[in-house]
Amino acid sequence: MKNITMVTSFVFSLSYVLIGTITVMVSFPDYSILGFDYNSSLWIPLVILTLPVNILLFGLVIVDNSFLSILILQSIVFFVTWFLFYKILSWIKRKKNRNTQSN
C-alpha cells in the first residue's frame, strides 16, 4: 500500500513539474515545441495551473536562460513537490482506513 502511494505521487508530481517546465520554456520564441508556444490558447491555463511550481522558474529564466540552472531548480522543485504529494496522499489513505475500520 505504501509503494502504491509512493509511485502515484511520483508520477503525478513528475507530470505536474514537467508540464510546468515545458510551459515556461515555450514562453520564449526560440523554444517552441511542435508548434506549442506562448500564442497557443492552452498556454494561459497551463501557466495559471502550474504557477505554484513555476514561480521561481519564471524569475530564473528571465535572469539566466541556461538549461543547467533550469534543470537544477526544477529537480529541487520536483523533489519538494513529490514529498508534499506523498504526504497528502498518505494522509488521505490513513483517513480512509480509519473511516472504514470505525464503520
Given Cβ point charges of +1 (Lys, Arg) and -1 (Asp, Glu) and nothing else, what value in debye, to the nearest 20, does the dipole of the chain about its Cα centre take?
1020 debye
Principal-axis tilt of helix 2-25 within the chain, Cα atoms, nearest 10 degrees
20 degrees
For the chain, what is the accessible area per residue in Å², given a 1.4 Å probe and the full set of protein chains?
70 Å²
Here the relative contact order (percent) of the chain, from C-alpha pairs under 8 Å and at least 6 apart, is 35 percent
What residue among 91, 43, 77 has its Cα farthest toward the positive end of the dipole of the chain, where the charges are +1 on Lys, Arg and -1 on Asp, Glu, each on the Cβ?
91
Leaving out ligands, DNA and RNA, what percent of the accessible area of the chain is carbon and sulfur, probe 1.4 Å?
73 percent
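The values are calculated or read from the model by the stated rules, or taken from the named source; none is laboratory data. Just so we're clear, the structure is a prediction, and the values are computed from it rather than from any experiment. We place every Cβ from the backbone using ideal geometry, glycine too, and count neighbours over all the protein chains shown. Surface accessibility is based on the protein's heavy atoms, side chains included, excluding ligands, DNA and RNA. Shrake-Rupley method; radii C 1.70, N 1.55, O 1.52, S 1.80 Å.
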